1. Probe of 1.4 angstrom, ligands and nucleic acids ignored: what's the accessible area per residue over the stretch 318-438, in square angstrom?
2. Suppose each label sits 7 Å from its Cα in the direction of the beta carbon; what would the VAL41-GLN385 distance come out to in nanometres?
3. Average the reciprocal distances over every distinct pair of alpha-carbons in the chain, invert the result, and give the Kirkwood radius in Å.
4. Using alpha carbons only, how many degrees (0 to 90, rounded to 10) separate the axis of helix 205-216 from the longest principal axis of the chain?
5. Under the rule of -39500 (n - 2.57) per DSSP H run of 4 or more residues, summed and divided by the residues of the chain, what mean residue ellipticity at 222 nm is obtained, to the nearest 500 deg cm²/dmol?
6. With the Cα gyration tensor of the stretch 341-494 giving a ≥ b ≥ c as the square roots of its eigenvalues, does the rule (a/c under 1.5 for rounded; else a/b larger than b/c for prolate; else oblate) give rounded, prolate or oblate?
7. Rounded, prolate or oblate: which one fits the stretch 15-90, using the alpha carbon gyration tensor with axes a ≥ b ≥ c (rounded when a/c is under 1.5, else prolate when a/b beats b/c, else oblate)?
8. How large a share of the accessible area of the chain, in percent, is made up of carbon and sulfur atoms when the probe is 1.4 Å and the other protein chains stay in place?
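The values are calculated or read from the model by the stated rules, or taken from the named source; none is laboratory data. Quick caveat, the model's predicted, so the values are computed rather than measured. Virtual Cβ from ideal backbone geometry, glycine too; neighbours counted across all protein chains shown. Each accessible area value is taken on the protein alone, full model and side chains, heavy atoms only, with ligands, DNA and RNA left out. Shrake-Rupley method; radii C 1.70, N 1.55, O 1.52, S 1.80 Å.
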Amino acid sequence: MASPVSIPFTSFIVLERSSATPIYLQLVTQIINAIQRGFLVKGTPLPGTRTLASVLGVNRNTLVVVYEELEALGWIEIVPNKGAFILQQTINKAEKIPSSTKNFTIAYPSKTGYDFEKSQLLDTPFENSNHTLILNDGIPDIRLLSIHQLTQSYTSSLKRKTHQNKNDENPQNGRIYFKENLSNFLNLTRGLHISTKNLLITRSIEMGIYITSEILISRGDKVIVGELSYFTPNMIFQNSGAQLLTVPVDSEGIDVDAVQKLCENNKIRMLYLTPHHHYPTTATLSAQRRIELLRLSQIYGFIILEDDYEYDFQFGNNQVLPLASADTEGMVVYIGSFGRSLAPGFRTGFIVAPENLIVEMQKFISILDRQGDTFMDYALGNLIQEGDILRHIKKTSLIYKERRDVLAQLIDKYLNEWVNYTLPTGGLAIWTRWDASINLMKLREDCLKLDLHIPKHLLYQNLKISAMRIGFGSFTPQELEFIIHKIFQILRKS
């Protein structure tokens, strides 16, 4: 057995002098950890309190308290006139006890000591990159924000004594204030006729889809999605046990006739769609198809889950209202985002549905996000009440429209030999269709060499399609020029 003096305690005991945790408690915790890991085996003698205090650079009285605490907890035994000895040994049987104390290290387990089911559906397709420019599927440019205005709104909410008092009494007061303003905002901008009872606030659109799926989808249910559709909802539906059925998508959105044929031969539980700007093709669902879908949902009893992720980004004079605005039978669950053009921390999601469903969804929110962010709720409510959000949307829409037009002009100038597209009426991306002879994955690899990263999830290429979704919202005209010209250089050499 190793001499207690030779045990390298400093290799597995690291004291944080600036920590709020008392030194004696740090020592107790780390010595117990060393016993559990097998670094101090049963029967090992501990150094005297003076010796160990000198090694660790602490007061001897601190070590006296530590030993007493360890003995009281049953980890060591103090024998009069002999010393202190390790009493317990709790280690993972799969681990080998180090043969030499020189190998003593503190490490968190790399694997669990128990089994669990791994998801084969929820692997994220997103990639990390350090390249100068990274393409995306259409995100806002936070550089267009008035950060001062946002921080001022939040700071004002923090400082306001009436808000502080309400927060102490009921953290939901801020949420109610935000919901009142948001319901008015949605009624004004999206033609809805809702009250706060029809509204649930979520952290994101994805959270809204997840909650909806957990409540409304059971294992074996059939859900219709576009043949090309947003991958995240698809993963959520499948994780809930749903069977996905696909329908074609054309320039007018999803094929309604195909939806009806599926309904004639299957019991459909839900139809998921992004009618404003279909993901990824950006096609807008025509008015005639909207009416027909609502009629079919009433006949066949399927739920319409309407994801309106890009409603705020419309560039035409005639805005298209969501299906939910024309729903009279309670068949549509409407999911959207508020503040998508704001900084990430100021964005939020929402669900609009009949009151009885919102009541059930509230149970999930009470578990997932019971506390919320009271002061942020007040800040967002103020942005609506003061008209700041409408002014911001109007201002940035002009900029995004300009960037859309710039990207289209650059494609015409440099890529017209290989690419065609339809100019979208809104949104933050253009759906580009490529000559089938071009290997998009090879193009991606060549772009990486020129400091341009094209994520894989933007590429759609198989025997039937060759396409790429190119977001323009987060890039200046100069950056768009850089991107398209780099692609042109590669294609010209190939």
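1. Values: 5450 Å² over 121 residues.
I get 45 Å² per residue for the stretch 318-438.
2. Between VAL41 and GLN385, the simple spin-label model gives 6.9 nm.
3. Values: mean 1/r = 0.0368 Å⁻¹.
With all distinct Cα pairs of the chain included, I get 27.2 Å.
4. Taking the Cα atoms of the chain, the angle to 205-216 is about 90 degrees.
5. Numbers: 16 runs with 201 residues, N = 494.
Taking each H run of at least 4 residues, the total per residue is -13000 deg cm²/dmol.
6. On the way: a/c = 2.67, a/b = 1.94, b/c = 1.37.
Judged from the Cα gyration tensor, the stretch 341-494 comes out prolate (a/c at least 1.5, a/b above b/c).
7. Working: a/c = 1.83, a/b = 1.28, b/c = 1.43.
Here the stretch 15-90 falls in the oblate category.
8. Values: 12740 of 25070 Å².
Carbon and sulfur together cover 51 percent of it.
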